[in-house]
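The values are calculated or read from the model by the stated rules, or taken from the named source; none is laboratory data. No experiment lies behind these values; they were computed from the predicted model shown. Here the Cβ positions follow ideal geometry from the backbone for every residue, glycine too, while neighbour counts run over all protein chains shown.
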Amino acid sequence: MIPFNWLLVLVFGTFVGTALLARWTSLPITALEIVAGITLAAAFGIDLPDQAQGLLILGSLLIVFLAGLETNFGFLRRHWRTALSIGIPGFLVPFAGLFVLFQFVLHAPLLVSIIGATALADTSISIVYTTLHQYELAELPIGRMVLAATLAVNLVEDLTITTTTALSTPGLVFTGIVIVALAVAALLLPRLTKALSEPQPSFSNIGARSLLFSIAVLAALSSLAGVPGILFVFLLGLLFSQFAKKEFLVDVRKLSFALFVPVYFLAVGLRVDFMFVVANLAVLGAIVAVATVLKVGAIFPTARRYLGPARAAPVATLMNTRLTSATVILLLSLTLGLITTAWYSLFISAVVVLSLGSVLVLRALPSFRSTAAARELFQGGEFAEPLPGVPRPAPDA
């Protein structure tokens, strides 16, 4: 057993190593942190102490909060129909196909099949967001629409897992009361933070403190009913985005990505049973193949219709990534005893393969071999905001 102080040295040294590797390869740092966790667990049998459990839950919920916080609410409100038209098939088609695979081919328990299909129908907000920024596409109308469609996938995904776990939890009336309490807390806590916020930044940093308090309240309520409350945490972030200043966003990012987020993703990998995955590589390959075919097959036609033929393949490839919500759902489900370590290990391994593989395929496409080529591809489109007196451009052919 490694002493705790030396375990901290190893963990934070791993964070530095994954950050350098991500810089050199431009691969998603969060996926690399999961791989690092799997490696440490397989090579040294390392696990985080039980005292870190609360830190992991807080880190997972902070990730979902940031997704809501960085949502362009105004753009999403103006184009929600198109976002849902792309996002809903992008979730429902892979969800249905993966459920059939897990339930009728692999003979997984019903709840495990639903959780696995929900998680692997995900599209990673974090990878889509960082990729769009990497290629300077995030502020372009088409880039915003891709992110909006990704958010639509995640909203339907979060609603599915919340409803499923709520209905499967004993004490339906009590669970309903807790869910109502979660919704009320998500609506009221941002107002409390806004009321407590100071007009000028100070060392008290009461905004970040009240945020941590708000997420802790939602985590505590979720644990009462055994329901992953990620839908309500996303709503919390969405409401915070309406009044949060730039300084607040910077503070939360620093706090999250320096400690909570890397610890969380490392822990996601530490809980993977590597030898079980190795013994079931054929099953893992089938899961990855089915998930890819269904996701790309669902996204490509709608992306072609709304974003143009030339953009359909890159958008479908980018939206084939899994990571953020998928890992949150799976880790919380494992923590709550809803799935076993064996199924968790297969699902998380599929998430890692899909996230890294999709990014590598995207970068191999001619239109994404440089920032200039990607920006040229994403320029224009019917979602551009017209200037006063200037007619809106026609949709791409």
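Scan region 1-22 residue by residue and report those that are free of Cβ contacts under 8 Å to residues at least 12 places away in the same chain and in a helix (DSSP H, G or I).
Those that are free of Cβ contacts under 8 Å to residues at least 12 places away in the same chain and in a helix (DSSP H, G or I): ASN5, TRP6, LEU8, VAL9, PHE12, GLY13, VAL16, ALA19, LEU20, LEU21, ALA22.
Which of the residues that make up region 28-49 are small (Gly, Ala, Ser) and not in a helix (DSSP H, G or I)?
Answer for region 28-49, where residues must be small (Gly, Ala, Ser) and not in a helix (DSSP H, G or I): just GLY45.
What's the total number of residues in region 254-281 that are modelled with pLDDT under 80 and among the hydroxyl-bearing types (Ser, Thr, Tyr)?
Matching residues across region 254-281 total 1.
Can you work out which of the residues in region 268-322 that are more than 21 Å from the chain's Cα centre (by Cα) and hydroxyl-bearing (Ser, Thr, Tyr) is farthest from SER85 (Cα to Cα)?
Checked region 268-322; the qualifying residue farthest from SER85 (Cα to Cα) is TYR306.
Got a sec? Which of ALA138, ALA96, ALA67, ALA119 is buried (at least 17 other Cβ atoms within 10 Å of the Cβ), aliphatic (A, V, I, L, M) and more than 22 Å from LEU249 (Cα to Cα)?
Result of the check over ALA138, ALA96, ALA67, ALA119: ALA119.
Whether any residue in region 217-229 is over 30 Å from LEU20 (Cα atoms), touching a residue at least 60 places away in the same chain (Cβ under 8 Å) and touching a Lys or Arg at 6+ places or on another chain (Cβ under 8 Å) is what I want to check.
no
Could we say that PHE248 is free of Cβ contacts under 8 Å to residues at least 60 places away in the same chain, within 16 Å of the chain's Cα centre (by Cα) and farther than 24 Å from THR162 by Cβ here?
Against the criterion (free of Cβ contacts under 8 Å to residues at least 60 places away in the same chain, within 16 Å of the chain's Cα centre (by Cα) and farther than 24 Å from THR162 by Cβ), PHE248 does not qualify.
Tell me which residues, restricted to region 344-375, are β-branched (Val, Ile, Thr) and closer than 16 Å to THR131 by Cβ.
VAL359, VAL361, THR371
Is it the case that region 353-369 has a residue that's among the polar types (S, T, N, Q), more than 30 Å from VAL233 (Cβ to Cβ), at pLDDT below 95 and surrounded by fewer than 14 Cβ atoms within 10 Å (Cβ to Cβ)?
Taking every residue of region 353-369 in turn, none turns out to be among the polar types (S, T, N, Q), more than 30 Å from VAL233 (Cβ to Cβ), at pLDDT below 95 and surrounded by fewer than 14 Cβ atoms within 10 Å (Cβ to Cβ).
Determine the pairs where a residue that is within 15 Å of GLY13 (Cβ to Cβ) and touching a residue at least 60 places away in the same chain (Cβ under 8 Å), located within region 23-44, has a partner that is of a type in the set (Phe, Trp, Tyr) and assigned to a helix (DSSP H, G or I) with Cβ atoms under 6 Å apart, the partner being 6 or more residues away or on another chain.
GLU33/PHE265
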